[in-house]
Amino acid sequence: MDKWLGQVAVVTGASSGIGEAVAEALVEHGMTVVALARREERLKSLEARLEGKKGKLHPLRTDITNTEDITAALKWIESNVGAIHVLVNNAGIVIKKSFSELEDEDLLKVFNVNLVSLSIMTARVLKVMESNNIELGHIFNMSSVNGHVSHPLPEFVSYFASKRAVNAVSEGIRSEIAASGLRVKVTNLSPGVVSTEMLSNVGLDKLPPGFLPMLQPKDVADALIYTLSTPPNVVVSELIIQPMGETIYRPPPPMPQ
């Protein structure tokens, strides 16, 4: 990780769960981290907790579904901390409804957060990396094991579809970057079930302890740090991590009544 010491990383969805754990890990390894999320009070609490660590965290309230917010955030970053070397597109949501029950705003919300905003952030940051002639950059797109499944579970079609699209974006920009000669790695990081606030959105927070195997946010952050630690000539294009006992090839057990 020495090559990233003092470099700037941007983490979206950094106020809780995986994003919070990733931001903390990057600061502990000496990076300057700009943490983006809507819940400013959570970001400031994280900043206070990380005071005195090897790196530095800057909380920046940002709604990544708002292009004006993205523009303002990137302008602040350029003016105050410098060129971006690492982008972690972590922000994501899930809405549990059958496809016929989804309202227009449900579909727009899922795809705007999980795909459109991710794509806009990536395109903007790639321009920043190119204009600053960075020696090495890394973009992480947070997907899911669900993005690798051909038959989505009922009530999760929109989430599955958005993550499959993220996989396509990652592969596409990786090909473009290779053709351009820009030295930026692109990693699609696909965790299985992770114990985060998102579980409450789909009722999994009420499951009996041990009913489903789960990763912890730190497990995902450790995987990201491992990927960042690889030599400059090595690209981990796709990394799937799952809790022991989970498989993407069979449905989960019936929910308890």
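The values are calculated or read from the model by the stated rules, or taken from the named source; none is laboratory data. In this text, all values refer to a predicted model and were calculated from it rather than measured experimentally. Each accessible area value is taken on the protein alone, full model and side chains, heavy atoms only, with ligands, DNA and RNA left out. Shrake-Rupley method; radii C 1.70, N 1.55, O 1.52, S 1.80 Å.
Under 27 Å from the Cα of K54, which lysines turn up, not counting those fewer than eight places away in the same chain?
K3, K44, K75, K185, K218
From the phi angles alone, apply the Karplus equation (6.51, -1.76, 1.60; θ = phi - 60°) to the stretch 187-194 and give each ³J(HN,Hα) in whole Hz, x where the residue is Gly or Pro.
Taking θ as phi minus 60°, the curve returns 10, 8, 9, 10, x, x, 5, 10 Hz for the stretch 187-194.
Would you list which aspartates and glutamates come within 20 Å of K97, measuring only between C-alpha atoms, while excluding same-chain residues fewer than 8 positions from it?
Leaving aside aspartates and glutamates fewer than 8 places away in the same chain, those within reach of K97 are E105, D106, E155, E197, D205.
Quick one: which residues, 5 or more positions from K54 or on another chain, have an amide H under 5 Å from its amide H? H modelled 1.01 Å from N in the peptide plane, none for Pro or chain starts.
G30
How big is the C-alpha Rg of the stretch 1-153 next to the rule-of-thumb value 2.2 N^0.38 Å, as a ratio?
For the stretch 1-153, the normalised Cα radius of gyration comes out at 1.08.
Through the Karplus equation 6.51 cos²θ - 1.76 cosθ + 1.60, θ set to phi - 60°, convert the phi angles of the stretch 97-109 into ³J(HN,Hα) values in whole Hz; use x for Gly and Pro.
Karplus values, whole Hz, x for Gly and Pro: 7, 5, 4, 6, 8, 5, 7, 3, 5, 5, 4, 4, 5.
What residues have an amide H closer than 5 Å to that of K185, excluding those fewer than 5 places away on the same chain, when H is modeled at 1.01 Å from N in the peptide plane?
Hits under the 5 Å cutoff: G137, H138, I139.
For the stretch 1-67, what is the accessible area per residue in Å² when the probe is 1.4 Å? Each step should come with its number before you reach the end.
Values: 2830 Å² over 67 residues.
Result: 42 Å² of accessible area for each residue.
Once amide H atoms are built 1.01 Å from N in the peptide plane, which residues 5 or more positions from V10, or in another chain, come under 5 Å H to H?
V34, V86, L87, V88
Take the Cα atoms of the chain, build their convex hull, and give its volume per residue in Å³. Walk me through the intermediate numbers first.
On the way: hull volume 33.7 nm³, N = 257.
Hull volume normalised by residue count: 131 Å³.
If you look at just the Cα atoms of the stretch 1-81, how large are its Rg and its Dmax in Å?
In order Rg, Dmax, the Cα atoms of the stretch 1-81 give 11.8, 34 Å.
Using θ = phi - 60° and the Karplus form 6.51 cos²θ - 1.76 cosθ + 1.60, what ³J(HN,Hα) does each residue of the stretch 128-143 get, whole Hz, x for Gly and Pro?
4, 4, 5, 5, 9, 6, 5, 6, 7, x, 8, 10, 10, 10, 7, 9
Given N residues in the stretch 127-206, what is Rg(Cα) / (2.2 N^0.38 Å)?
Details: Rg = 15.9 Å, N = 80, 2.2 N^0.38 = 11.6 Å.
Dividing the Cα Rg of the stretch 127-206 by 2.2 N^0.38 Å gives 1.37.
What is the percent carbon and sulfur in the accessible area of the chain, measuring with a 1.4 Å probe over the protein chains and ignoring ligands?
Numbers: 6570 of 12510 Å².
Result for the chain: 53 percent of the exposed heavy-atom area is carbon or sulfur.
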